[in-house]
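Notes follow once the structure below has been shown.
Read-outs: derived from the displayed coordinates by stated rules, not from any lab. Quick caveat, the model's predicted, so the values are computed rather than measured. Cβ sites come from the backbone with ideal geometry, for glycine too, and all protein chains shown count toward neighbours.
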Amino acid sequence: MIEWFAVDLIKQAGELIRREIDQSYEVERKTGKGDLVTEIDRAVEQLIVHRIQKTFPEHQIMGEEGTADQPDTLTGTVWFVDPIDGTLNFIHQKRMFAISIAIMVDGVVEYGFVYDVMADEMFMARRGYGATLNGRTLTKLHEHHVRDAFLSMNATWVTPNHQIAPEILAPIVRDSVGTRAHGAASLELAWLAAGRVDGYITMRNMPWDYAAGKLLVEEVGGRVVTLYGEPIRYDGKTSVLAGSESFVNDVMKHYVIAKVTAEAKPDLRIVAHETYGEVRDLLVLANPNEAMVREQFEEGRTFRALLGKEIVGAYMLVAREGSRFELVNIAVKPERQNQTIGQRMLQDAVKRATLLGGKELLVCTGNSSIMQLRFYQQAGFRFDSVERDYFINHGYGEIEEDGLALRDRICLTRPL
Ligand code: IPD
Ligand code: CA
Ligand code: CA
């Protein structure tokens, strides 16, 4: 019943937009030159809010343009309303924008509607009942990985932002089939649900942008989480990573390797370390050959990373011939990974090796350590040499990572 009310309301709002789109209207800046609101956004939101308030006076409404009072808590029934999602498209292209509405009951989004106004396409989802496009049932999402995915990505990834370092997401652009920045979050999620794109990634969305689209994606078997795999909340801005289960896992496992957390930043200290016992467990995480680790401990210098009093990481520098330093056994405590501690220890190693008169920094890792190979290359290291069967010949036994057997040692260098 409530869904037919919502559909009727959205269709009426769509007609209003189509009627006004070619007329002249006022455009105002909100926070910046790319964040605009027009008279039409406001008029559409007013129409929607007034009809909801008249029919369901006890319901709360969270609308982008603030027509209704923003709810303090998400209790009871809450409507999330974006009267025009993709205002820049609306103004410039006169297409590819949507009305996005979601209905949450007691903290759970039960209905989602995304209406592509100019294409007259109504995407609808009801929790537990699937999703439809103009009445036709949408089928389950196909599984994808980044390498075979056609993606919608908000272009903000190319500029520095608070969520993630651009150089971490750039490889996704390079590795995927293609990327587009379509400029209307709700529609991009709806297209994902309809199989028109295979993933959607953005750094910053508000609940009215994604609440409806997220349900659409979930109802066809997809997953929608933050860039770090956390559940999405509905009380403020968030990053969004959406796609099939395998696509989301692929992005988190192989690309989002560094979470830039404000909390982790302030008190990380990296200091010289003298006793083996305290850092042993960390060092053997990086290299299970403990006899070799001990030897390197005697030979080189060890540093530990501290968050308060907690040792969260360690690494060693060993002098090699020809003004070279080798960085060995860099490790971060498992529960402290993805907090940029590894990057910061690497930066620290570069600084210290330079101060010690080094001209080149060397690191070696295994052929199966895909994350490490990515990590070092992102930090400016280039491939230097390969020693075939090194790990087999040095008694490492059978180790497998990411479906690859550990066999060959790969060394990379970067100038200091
Ligand atoms: C915006 C669009 C855009 C997204 C922004 C949203 P608006 O909504 O969905 O694609 O990247 O985060 O704010 O302002 O056009 O309703
Ligand atoms: Ca929006
Ligand atoms: Ca909007």
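Within segment 355-416, list the GluC sites (Glu not before Pro) lying in a DSSP loop whose Cβ has at most 13 other Cβ atoms in a 10 Å radius. Don't skip to the answer; put the middle values down first.
Working: sites: Glu360, Glu387, Glu398, Glu400, Glu401; in loops: Glu398.
For GluC sites (Glu not before Pro) across segment 355-416 that sit outside H, G, I, E and B with at most 13 neighbouring Cβ atoms in 10 Å, the list reads Glu398.
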What relative contact order, as a whole-number percentage, does segment 268-415 give when Cα pairs under 8 Å and 6 or more residues apart are counted? 19 percent
Listed by chain and number, the lysines with an alpha carbon less than 18 angstrom from that of Lys333, same-chain partners under 8 positions apart left out, are Lys253, Lys259, Lys265, Lys309
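Place a +1 charge on the Cβ of each Lys and Arg in segment 146-263 and a -1 charge on the Cβ of each Asp and Glu, then give the dipole magnitude about the Cα centre in debye, rounded to the nearest 20. Can you show the working numbers first?
On the way: 11 positive and 13 negative charges, 36 e Å.
Approximately 180 debye in magnitude.
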For a quick check: with amide H placed at 1.01 Å from N, whose amide H comes under 5 Å from Gly63's, ignoring anything fewer than 5 positions away on the same chain? Ala68, Val81
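Below 8 Å, C-alpha to C-alpha, sequence gap of six or more: please give me the relative contact order for segment 193-349 in percent.
On the way: 237 pairs, mean separation 28.0, N = 157.
Result for segment 193-349 is 18 percent.
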Choose one of Gly308, Gly342, Leu404: the residue whose Cα lies farthest towards the positive end of the charge dipole of segment 276-409 (beta-carbon charges +1 Lys, Arg; -1 Asp, Glu; about the Cα centre). Gly308
For the chain, size of Cβ-based charge dipole, Lys and Arg +1, Asp and Glu -1, in debye: 980 debye
Taking just the alpha carbons, could you work out the radius of gyration and Dmax for segment 146-263, both in angstroms? 12.7, 38
GNM top mover of Ile103, Ile172, Ile40 - the chain, alpha-carbon springs below 10 Å: Ile40
Compute the separation of the alpha-carbon centres of segment 341-363 and segment 169-236 and state it in Å as a whole number. 37 Å
For Lys33, which aspartates and glutamates qualify as cross-link partners when the Cα separation must be under 18 Å and same-chain residues fewer than eight apart are set aside? Asp41, Glu64, Glu65, Asp85
Within segment 187-204, find all residues whose amide N lies under 13 Å from a label point positioned 7 Å from the Cα of Phe56 along Cα-to-beta-carbon. none
Helix 276-286 sits off the longest principal axis of the Cα atoms of the chain, rounded to the nearest 10 on a 0 to 90 degree scale, by 60 degrees
Between Ile341, Ile399, Ile99, find the one with the highest GNM mean-square fluctuation for the chain; connect C-alpha pairs within less than 10 Å. Ile399
Across Pro71, Pro207, Pro57, the residue with the highest GNM fluctuation in the chain (Cα network, 10 Å cutoff) is Pro57
Which percent, to the nearest 5, of DSSP beta bridges fully inside segment 206-365 are antiparallel? 85 percent
Rounded tilt (10° steps) of 166-175 against the dominant C-alpha axis of the chain: 80 degrees
Karplus-derived 3J(HN,Hα) from phi for segment 295-300 (6.51 cos²θ - 1.76 cosθ + 1.60, θ = phi - 60°), whole Hz, x at Gly and Pro, runs 4, 5, 4, 5, 7, x
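Inverting the mean 1/r over all pairs of different Cα atoms, compute the Kirkwood radius of segment 2-136 and quote it in Å. Please list the in-between numbers first.
On the way: mean 1/r = 0.0656 Å⁻¹.
By the Kirkwood definition, the hydrodynamic radius is 15.2 Å.
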Alpha carbon centroid spacing (whole Å) that separates segment 58-81 from segment 106-120: 15 Å
Quick check: residue separation of Glu299 and Gln347 times 0.36 nm, minus the Cα distance between them. What number comes out in nm? 15.1 nm
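Per DSSP H run of n ≥ 4, the term is -39500 (n - 2.57); total these for the chain, divide by its residue number, and report the mean residue ellipticity at 222 nm rounded to 500 deg cm²/dmol. Intermediate values should be presented prior to the final figure.
Numbers: 12 runs with 133 residues, N = 416.
Value at 222 nm, helices only, nearest 500: -9500 deg cm²/dmol.
Counting pairwise Cα distances across the chain, what percent come out greater than 33 angstrom? Working shown, then result.
Working: 38353 of 86320 pairs.
Summing the P(r) of the chain above 33 Å gives 44 percent of all pairs.
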What aspartates and glutamates could a cross-link reach from Lys359, if we take a straight Cα to Cα line under 16 Å and drop same-chain neighbours fewer than 8 places away? Glu321, Glu326, Asp348, Asp384
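What relative contact order, as a whole-number percentage, does segment 146-263 give when Cα pairs under 8 Å and 6 or more residues apart are counted? Mind showing how you got there, number by number?
On the way: 216 pairs, mean separation 34.0, N = 118.
The value is 29 percent.
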